[in-house]
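Novice: Below: one structure in structure tokens.
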Amino acid sequence: MSGVGQRRRIIGFPALVVLIILIGSAVVAVAYVQRDAESRPGLTDHWHSAYTVWDCTDGEGGAHQPIFEGRRNSQGYPYDPEGIHSHSDGIIHIHPFTANAAGEDATMSKFFESMFVTMDQNGITASEFGVISAVGAECDGQPAVVQIVRWSNALAASAAIPDERVYEDFGDVRFKKDGEAFTIALAPRDGEVPLPPSVDNLLGVSPALVADLSQPEGPVEFDDSLDADVPGVRLEEDG
């Protein structure tokens with residue numbers, strides 16, 4: 001009997017070693033994937049996100065505000081010290097020039113800096129529309145607050161189901177992947193805000209995002225019979 005027990009211990013020890021190695025490899029793989037995600041966008045990436053500014057107190061029911069124009073240098077190029085800017089197209093172009101704007105440092109503060117925009121819990125200020133103040137603001141009988149609403153997949157997004165809402169530290173909001181959407185808003189807390197109209201332009205600047213239109217049950221089919229006023233992603237034909 002002692003021999004059988006000894007053989008079992010001898011057989012069991014290598015199996016335990018293999019199990020430990022497999023678990024360790026899995027942990028390392030997960031850590032590597034997480035590190036890779038946190039390190040992007042990198043210096044070779046060129047991502048795009050749709051954005052808009054929404055003021056619920058503008059008119060009846062709210063309105064989109066003029067997009068940021070930013071400033072241009074003497075050669076006519078957009079002022080862009082870090083590689084995160086807009087071409088006056090409702091799209092945030094994210095292609096870090098230095099490590100200061102890459103990975104976890106690819107943040108909304110870099111975009112605001114390049115577009116000469118300031119934003120805090122008291123309001124949003126930009127030369128294109130002036131000051132949107134949250135002081136005493138109300139919409140639909142509810143207090144309106146400054147916020148950033150984020151959708152991780154703009155092309156498949158529903159306005160009513162964002163992935164994240166941020167009510168403070170707006171400059172710390174990260175750009176996490178290609179094809180996001182951001183609505184910078186004055187609106188009731190947890191109230192529905194619209195997606196950026198420029199979502200429809202994302203495929204033109206990031207064609208690879210067409211893969212994001214694939215759902216578990218298959219690719220999205222575009223119905224050409226839809227009325228032009230129905231919101232959705234449309235592919236414009238050449239000419």
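Novice: Please state which of the following conditions residue 114 fails to meet, knowing it meets all the rest: (1) modelled with pLDDT under 95; (2) over 25 Å from residue 69 (Cβ atoms).
Specialist: Evaluating residue 114 over (1) modelled with pLDDT under 95; (2) over 25 Å from residue 69 (Cβ atoms) leaves (2) as the failure.
Novice: What number goes with the only condition from (1) in contact with a strand residue (DSSP E or B) (Cβ under 6 Å, 6 or more places away or on another chain); (2) in a loop (DSSP other than H, G, I, E, B); (3) closer than 23 Å to residue 63 by Cβ that residue 190 does not pass?
Specialist: Every condition holds for residue 190 apart from (1).
Novice: How many residues are charged (D, E, K, R), in a loop (DSSP other than H, G, I, E, B) and without any contact (Cβ under 8 Å) to a residue 24 or more places away in the chain when one looks only at the range 59-101?
Specialist: Residues in the range 59-101 being charged (D, E, K, R), in a loop (DSSP other than H, G, I, E, B) and without any contact (Cβ under 8 Å) to a residue 24 or more places away in the chain: 1 in total.
Novice: Just to be sure before I move on: is residue 160 in a loop (DSSP other than H, G, I, E, B), surrounded by fewer than 19 Cβ atoms within 10 Å (Cβ to Cβ) and of a type in the set (A, V, I, L, M, F, W, C) in the structure I sent?
Specialist: Yes; evaluated as a whole, the condition is true for this residue.
Novice: Every residue in the range 55-88 that is touching a Ser or Thr at 6+ places or on another chain (Cβ under 8 Å) and exposed (fewer than 15 other Cβ atoms within 10 Å of the Cβ), please.
Specialist: The answer is 79, 81.
Novice: Shifting gears a bit: Residues of the range 119-132 being outside any loop (DSSP other than H, G, I, E, B) and either surrounded by fewer than 14 Cβ atoms within 10 Å (Cβ to Cβ) or in contact (Cβ under 8 Å) with a residue 24 or more places away in the chain (or both), which ones? Working first, answer last.
Specialist: Our first condition is that a residue be outside any loop (DSSP other than H, G, I, E, B); within the range 119-132, this holds for 119-120, 123-126, 130-132.
The answer is 119, 120, 123, 124, 126, 130, 131, 132.
The values are calculated or read from the model by the stated rules, or taken from the named source; none is laboratory data. These numbers were taken from a predicted model, which means no experiment stands behind them. Note that we place each Cβ from the backbone using ideal geometry, even for glycine, and neighbour counts take in every protein chain shown.
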